[in-house]
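Written below as C-alpha cells is the structure these notes are about.
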Amino acid sequence: MDLVEKIKAGDVRSTARLISMVERREPEAVAVIKEIYSQCGKAHIIGITGPPGVGKSCLVSALVGSFRKMGKSVGVLAVDPSSPFSGGALLGDRARMIDLTGDRDVFIRSLASRGAHGGLSSAVNDAADIMDVSGKDIVLIETVGVGQGEIEIARLAHTVILALMPGYGDTLQAMKAGIMEIADIMVVNKSDKPGADQTVAELSSVQNYKCDVEGDHWKVPIVKTQALSKEGVDELAQETVNHYDYYKQRSAIGIKNRERRTTQFLDILTLQIRTEFLETLKNDHSLQKWVKMIGDLELDPYTASEQVVEMIRKSR
Amino acid sequence: MEEKTIRVLMAKIGLDGHDRGALIIVQALKEAGMEVIYTGLKNVPETVAEIALQEDVDVIGISILSGAHLVVVPILMDELKKSDAEDIPVVLGGVLHPDDIPKLKEMGIKEVFPAGSPVENAVECIKKLGMAGDKGMIK
Ligand SMILES: Nc1nc2c(ncn2[C@@H]2O[C@H](COP(=O)(O)OP(=O)(O)OP(=O)(O)O)[C@@H](O)[C@H]2O)c(=O)[nH]1
Ligand SMILES: [Mg+2]
C-alpha cells in the first residue's frame, strides 16, 4: 500500500510520521501534501484558545467525549510552547487527555511551537489536512495561551472557541489581545469557582456578532462549563455543530475555507520568496557594502532596502 | 528543511502517586533541546504504546517505582511489537534490584537507570538513541 492509501486507511504510524516530516518541512512530506490536497475539506476544524491554565486541554478531552457520543471521529492537535533558550519543549497537554486512550477513532498529536517565522501555522495547517484526509470528522486544535501567533492558528479553524475563566483580568486580557473578535463561541470554564456569572455578564456586555455572511450574523454564544465534571460540555459541543451548520446552511463554508487557504498560501509564498531573496543577497558581495554603510550611519536602512528591492527587480 | 528534533515520551507506569524523579528527567531533556511528551501519572503499558505511536517519538522513557518492572516491561514490549513499533528504543528508570538489570535488557530494554543514577547519564543516553533512529517515511 502506498503512503497516501495507508493514511486514508488510518494507519497510525504512517500518519504520525508524516506529521513529524511536515513539521521539519521535508520535501518528501511536502510532496505528499501536494498529492492529498484535493481530498481535503471534509473535516470540521475547531480551534480552542485562551489564557494559560484556563482548562483548554481538559475541555478538549471532555469535548472529544461529547463528539464521540455523537458518533464522530476526532483528531486533536495540541500545541505547547518551545523553550526559546534550548529549543526543547514539555508537551503536557496530553496528560489531561488520558481518558481518551484506547479509542481508535481518536488521534492525539502534541506539537511544539518551535517558533520560526510562520512555521507553526504551516505545520498545523498540514497536520490538520493530514487528519482530515485520514478520515477524522473533527479536528480540534488547542493553541498556546493568547497572543498574536495564536490568532494565526485560530484562523485556520472553521469554529473558534475562546475559553476564559471567572475573574476580571482574563476578559480584559482577551480584549487587549484582540482575540474577542475572532471567537465564534465563548466559554467560561471553571464555572464551579466563584464569579462565573459575573464573568458571563461581563462577556455578554461586550458580546459580539460575527458578520462573515453577507446580510446575516452569527450571535456568539457564551457557555458555562466545568471541564472536569464535564458539566456544560455537551452543550458546548452542540454549539460548535450549530456554528458549522450555520455556515453550511448558508453555503458559506467556502468563505471560511478560502480565508484559511489564502493565509496559508501567502505564508508559504512569503517564506519561499524570503528564502530565495536572501539567497540572492548572500551571494551578492555588494550586500556587505550596504551593511557597512548602514552601520556607519552613512545610509539609512529604508533607503538601503529600497535600493536592494530595485536591484532585484532589475536583475530579473 | 529543519534539523531533527528528538521527541521523547516520558511515562510513569504504576499506581503510586508521585513523579518527582520523572519530572526531573523531563526538565533535563527539555533543557537539552528535546521535545518531551509527558503523560502524567497512572499510565498502563497499553496506553504507552499507543501514545508512542501517535506522537512518533524517537525514544520511550518509562519510570516505575512500584517494583513491578518485570511484569510491566514484557507487556509493553509485546504491545510495541503488535503495533510494528518494536524499533522504538525503550529506557527505564526506577527502584529496582541490580540483579534485574540483565533480565530487563534481555527483554529488550536498551538502558536501565536505577534510582540515584546521575540525570546527565540518562539525558546523554536518550539523546544518542534518539539521534540514531530512522526518521524517514514509513515504508
Ligand atoms: N476547578 C476547576 N478546575 C479545572 C477545570 N477545568 C480544568 N481545571 C484545572 O485547571 C488546570 C489547568 O487545566 P489545563 O486543561 O491543563 O489548562 P490549559 O488551558 O490547557 O493550560 P495550558 O495548556 O498550560 O495553557 C488543571 O489543574 C485542571 O485540573 C474546571 O472546570 N474547574
Ligand atoms: Mg493545555
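The values are calculated or read from the model by the stated rules, or taken from the named source; none is laboratory data. The structure displayed is predicted, hence computed values, not measured ones. Ideal geometry is used to build each Cβ from the backbone, glycine not excepted, and the neighbour counts take in all protein chains shown.
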### Query
Does any residue of segment B:36-54 turn out to be surrounded by 15 or more Cβ atoms within 10 Å (Cβ to Cβ), outside any loop (DSSP other than H, G, I, E, B) and more than 14 Å from chain A (Cβ to nearest Cβ)?
no
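Conditions (1) assigned to a helix (DSSP H, G or I); (2) modelled with pLDDT under 95; (3) under 13 Å from A:Gly55 (Cβ atoms), marked per residue:
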{"site": "A:Asp212", "(1), (2), (3)": "no, yes, no"}
{"site": "A:Gly215", "(1), (2), (3)": "no, yes, no"}
{"site": "A:Glu239", "(1), (2), (3)": "yes, no, no"}
{"site": "A:Tyr246", "(1), (2), (3)": "yes, yes, no"}
### Task
State whether one or more residues within segment A:71-92 are part of a strand (DSSP E or B) and free of Cβ contacts under 8 Å to residues at least 24 places away in the same chain.
yes
### Query
Would you call A:Val79 closer than 21 Å to A:Val133 by Cα, within 12 Å of ligand 1 (Cβ to nearest atom), within 14 Å of another protein chain (Cβ to nearest Cβ) and surrounded by 22 or more Cβ atoms within 10 Å (Cβ to Cβ)?
yes
### Task
Please enumerate the residues belonging to segment A:34-61 that are among the hydrophobic types (A, V, I, L, M, F, W, C), within 13 Å of ligand 2 (Cβ to nearest atom) and modelled with pLDDT of 95 or more.
A:Cys58, A:Leu59, A:Val60
### Message
Checking A:Asp99 against (1) within 7 Å of chain B (Cβ to nearest Cβ); (2) without any contact (Cβ under 8 Å) to a residue 40 or more places away in the chain; (3) not in a loop (DSSP other than H, G, I, E, B): exactly one of these is not met. Which one?
### Response
(1)
#### Entry: Yes/no for A:Gly92 being more than 16 Å from ligand 1 (Cβ to nearest atom), out of contact with any helix residue (DSSP H, G or I) (no Cβ under 7 Å at 6 or more places or on another chain) and facing chain B (nearest Cβ under 10 Å)
no
## Note on the structure
Of the residues in segment A:283-314 that are part of a loop (DSSP other than H, G, I, E, B) and surrounded by 12 or more Cβ atoms within 10 Å (Cβ to Cβ), the one that is modelled with the lowest pLDDT is A:Asp284
